[in-house]
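The values are calculated or read from the model by the stated rules, or taken from the named source; none is laboratory data. This one's a predicted model, so the numbers in the text were calculated from it and none came from an experiment. FYI the Cβ positions are ideal-geometry reconstructions off the backbone, even for glycines, and counts take in every protein chain you see.
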Amino acid sequence: MQNQNIHVIGIGGTEGSEIAMYLAKQGAQNLTLHDFATTSAFEKSLRTSHYGFSADQIAAKLNFFDNFKGQINYNDTYLNNIDQADLVFVPQSWHLYEANAPLKALQGKTTFSSITKLYFDLLPCPIIGITGSNGKTTTTNLVHHLAKATLENSARKVHLTGNDRYHQQLLQQIDAVSPSDLVIIEVSNRQLQIDLGRSPNIGILTNITPNHLDEYTDFNEYVQAKLSLFKYSTPDTINLVCQEDPVTKQHLSQIPNPLPFSTKATPKPGIYLENGHAVAWLPNNNTPISIPLNNFKLIGKHNQQNLLAAIFANILLGADSALLPDAIATFKAPPKRLEHIGTRNQINYYNDISSTVPDTTILDLQALNEATNLPTTLIMGGKNKEVDYTTFEHVIPTLVDNLIIIKSPICNDLNILKTTMGNRWHEVTNLAEAVKLDQKLTTAPHNLILAPTAVYMAYFKDKIDDYNRLEELI
């Protein structure tokens, strides 16, 4: 890269900031940075996008940009001289913004890369890569948690990185990763839109359901994006797939060396749930490994599937199965994924703002009702991702007692549900109003779950802090 004109897009985001700092550390000479925030708004923008980072880490990033000797193009000069770039590093969401139209014109003419491709290009050790429409963050965290407890030792470190903003990016420490280490990467569909040139040593596909269809020509194009994680699989690659996911089963021919995981009995080798135990059959081994799951704290069948995939990945890498039960017992749900954040005045509050499509909200409500047997209030709102809400409109009246919608475009897509819910449908202007209204609607013990069931970040641009204030409001 030394003699190339390198441009980094979106330096206020977690991906762009890490790439810029890494390339500068590596001595890249012709480095130009871009962010469409104004100079005065840049610090706030960076702090907002780095909510999984410590204050010291954020301060280090701000200090780097304050002292950067090269060119930084903010708002008015954003993408200046981009047509002179030999190599452009983009964040995964770059194509969503109108300001990036000049970048789209460069596709096919200029080389595009990303932080995910850098990981797959540079990492010298085995990679576990996890993708899927739903459950990939929980599965990624489960794989990492179990691996830290059962596989990490003085000769092998276990690292976590990738899509979720709560994951610390590994790029600046990548030179310290040894061939004996293990890296676990969560990979989103957007991160797969740039060819990675390599598949993970162990791939995990949690499921494929309609999502992000506002970014694709059709569902099949989205499916192919997900499946591209496995296109460079070798005979030594192992790919774990959910036996219960119908779309995955339809496309098994595109996934080399698949091994199934399921809450039901599966073909051997594979892993399945039986009498409260995970039963794993390894390839070329006639003796199953049984792991008790009675101390697993997460609720719902979908989380059992996530756990089975994580257990199997660790066993395949040689984890001591005797250590797994204690590790499973200490795992906590990732932030904002059916996260129980407290109980006050007999109301159980759950933060599920990562649920942005109807399928995941339905699964989480079913799990919550089964686990607690209490009435539930759902708070939702945002903009449709061009997915189908027919099933959602049909089942929600039986899953929730009250539906509180923050006024937004999704209201116009749910006319049937509005009619069916009748006086159980409530519209408010913000989250604070929704929480107060719920307290007035019922005094009986119940659950309140915040699950947008739509794109909330893009729509509530000025209210993102409001969505992150649930615990404070309680």
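Would you please list the contacts, defined by Cβ atoms under 7 Å and residues six or more apart or on different chains, that run from a residue in segment 145-156 that is in contact (Cβ under 8 Å) with a residue 40 or more places away in the chain and more than 22 Å from K297 (Cβ to Cβ) to a residue that is surrounded by 16 or more Cβ atoms within 10 Å (Cβ to Cβ) and among the charged types (D, E, K, R)?
The qualifying pairs do not exist here.
Suppose we filter segment 270-308 for residues that are of a type in the set (S, T, N, Q) and under 20 Å from the mean Cα position of the chain (by Cα); how many remain?
Going through segment 270-308, the residues of a type in the set (S, T, N, Q) turn out to be 275, 284-287, 290, 294-295, 303-306.
If we keep only those that are under 20 Å from the mean Cα position of the chain (by Cα) too, we end up with 303-306.
Residues in segment 270-308 being of a type in the set (S, T, N, Q) and under 20 Å from the mean Cα position of the chain (by Cα): 4 in total.
Report, by residue number, each residue of segment 299-317 that is modelled with pLDDT under 95 and either in a loop (DSSP other than H, G, I, E, B) or in contact with a helix residue (DSSP H, G or I) (Cβ under 6 Å, 6 or more places away or on another chain) (or both).
Of everything in segment 299-317, those that are modelled with pLDDT under 95 and either in a loop (DSSP other than H, G, I, E, B) or in contact with a helix residue (DSSP H, G or I) (Cβ under 6 Å, 6 or more places away or on another chain) (or both) turn out to be I299, G300, H302.
Farther than 19 Å from I341 by Cα and either touching a residue at least 24 places away in the same chain (Cβ under 8 Å) or touching a Lys or Arg at 6+ places or on another chain (Cβ under 6 Å) (or both): does that describe I406? Give the steps one after another, and end with the answer.
Details: farther than 19 Å from I341 by Cα: yes; either touching a residue at least 24 places away in the same chain (Cβ under 8 Å) or touching a Lys or Arg at 6+ places or on another chain (Cβ under 6 Å) (or both): yes.
Yes, satisfied.
Matching residues to (1) closer than 23 Å to I291 by Cβ; (2) of a type in the set (A, V, I, L, M):
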| residue | (1), (2) |
| --- | --- |
| R198 | no, no |
| L205 | yes, yes |
| Y216 | no, no |
| N220 | no, no |
| F230 | no, no |
| N239 | yes, no |
| D245 | yes, no |
| S253 | no, no |
| K268 | yes, no |
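Among the residues of segment 263-298, which ones are among the hydroxyl-bearing types (S, T, Y) and either outside any loop (DSSP other than H, G, I, E, B) or more than 15 Å from L240 (Cβ to Cβ) (or both)? So that I can check it myself, show each step before the final result.
From segment 263-298, those among the hydroxyl-bearing types (S, T, Y) are 263, 266, 272, 287, 290; that's our starting set.
Y272, T287, S290 - these are the residues of segment 263-298 that are among the hydroxyl-bearing types (S, T, Y) and either outside any loop (DSSP other than H, G, I, E, B) or more than 15 Å from L240 (Cβ to Cβ) (or both).
When you go through P258, P267 one by one, which is the residue that is more than 25 Å from N141 (Cβ to Cβ) and more than 19 Å from the chain's Cα centre (by Cα)? Steps first, please.
Details: P258 fails: more than 25 Å from N141 (Cβ to Cβ).
Exactly one residue qualifies, and that residue is P267.
Mind telling me which of the residues S188, S180 ends up being more than 17 Å from I19 (Cα to Cα), at pLDDT below 95 and not assigned by TED's automatic domain parsing to the domain that holds I19?
Working: S180 fails: at pLDDT below 95.
Exactly one of S188, S180 is more than 17 Å from I19 (Cα to Cα), at pLDDT below 95 and not assigned by TED's automatic domain parsing to the domain that holds I19, namely S188.
Mind listing whichever residues of segment 351-362 are within 10 Å of A451 (Cβ to Cβ) and either modelled with pLDDT of 95 or more or assigned to a helix (DSSP H, G or I) (or both)?
Result: P358, T360, T361, I362.
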